[in-house]
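All remarks here apply to the structure that follows.
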Amino acid sequence: MKYPVFKDLIIFENEDYVVVNKPPFLATLEDRTPNTTNLLKIARQYNPDLQACHRLDKDTSGCLVFAKNAEAYRHLAMQFEHREVYKVYHAVVWGVHKFEDQLVNKSILAGAKGVAKLTPQGKSAETYFTTVENYARHSLIECVPVTGRLHQIRVHLASLGAPIVSDELYGGEHLYLSSLKRKFNLKKETEEQPLIKRFALHSFNIGFTLLNGEPVKIEAPYPKDFAVLVKQLRAH
């Protein structure tokens, strides 16, 4: 994998924070995979003082905030703790759904193998869902998590019968162009690839308060794979 240039990922920067549009397939911090880099390592080549203020799953793209100093880190950590950080994710899901500020309030337990499950024995978890667009057999959903549990959005959407496209862990199948296009011809002896090779989840917006009390709201454009998926669904 060709690693990105950190400077090219930046969508907001001031004296305290750097917000990047995290690419998919890149872990935020060290993970268990040997000989791989992570976004924090790349970030520290740009500025050795950077600290990640939160994390996104490896396959999730979008808004990720780094702090440049300890005070900035603490300031945002408190906002996360008090649930004052505004977060909006976009997900492409299976099924045509009409959600309007639909609240899922179901506790989540993080399993031993990094798989989350819904159980009253878990920690409380809340997410609001609103439909942005409907397609023939899919929907683009805005997801606003109140809490930050493991795989929260993915599990909550699956519980609504709206698993995320390509999220095979929670019941979301891959989507192929051949299932959208009637006259789709694949070259001989080539295997068709899914339209998106990861679960279709993107951290679209993040909002928080700067050290001077000023609120900011930052939007991360869709990465190429997510944009192509939405474009194909709109076209068919």
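The values are calculated or read from the model by the stated rules, or taken from the named source; none is laboratory data. None of the values given here were measured: they were computed from a predicted structure. Backbone-built Cβ (ideal geometry, glycine too); neighbour counts: all protein chains shown. SASA here: full protein model, heavy atoms, side chains in, ligands and nucleic acids out. Shrake-Rupley method; radii C 1.70, N 1.55, O 1.52, S 1.80 Å.
Worth a mention:
- Think of each Lys and Arg Cβ as +1 and each Asp and Glu Cβ as -1; about the Cα centre, that makes the dipole of the chain roughly 820 debye.
- What the chain shows is 54 Å² of accessible area per residue, with the surface traced by a 1.4 Å probe over protein heavy atoms.
- Residues in the range 48-58 carry Karplus couplings, in order, of x, 8, 5, 10, 6, 7, 7, 9, 10, 3, 3 Hz; the curve used is 6.51 cos²θ - 1.76 cosθ + 1.60 with θ = phi - 60°, and Gly or Pro positions show x.
- The range 22-27 - phi-based ³J(HN,Hα) in whole Hz, Karplus 6.51/-1.76/1.60, Gly and Pro as x: 5, x, x, 6, 10, 5
- Where (i) 72, 55, 35; (ii) 57, 42, 35; (iii) 55, 44, 42 are the candidate values, the label of the one calculated here for Cα extents along the principal axes in Å is (ii).
- Expressed as a whole percent, the accessible area of the range 52-152 that falls on carbon and sulfur atoms is 49 (1.4 Å probe).
- Taken one residue at a time, the phi angles of the range 68-83 give Karplus couplings (6.51, -1.76, 1.60, θ = phi - 60°) of 8, 8, 4, 5, 5, 4, 4, 4, 7, 4, 5, 5, 4, 4, 8, 6 Hz. Gly and Pro are set to x.
- Gyration tensor over the Cα atoms of the range 1-121: the corresponding equivalent ellipsoid has semi-axes (square roots of 5 times the eigenvalues, largest first) of 27, 19, 16 Å.
- Computed [θ] at 222 nm, deg cm²/dmol, the chain (DSSP H ≥ 4; -39,500 (n - 2.57); rounded to nearest 500): -5000 deg cm²/dmol
- Residues whose amide H comes within less than 5 Å of that of S166, counting only those at least five positions distant or on another chain, are E173, H174, L175 (H built at 1.01 Å from N in the peptide plane).
- Using the Cβ-Cβ distance between L177 and I10 with R0 set to 35 Å, the FRET efficiency works out to roughly 0.60.
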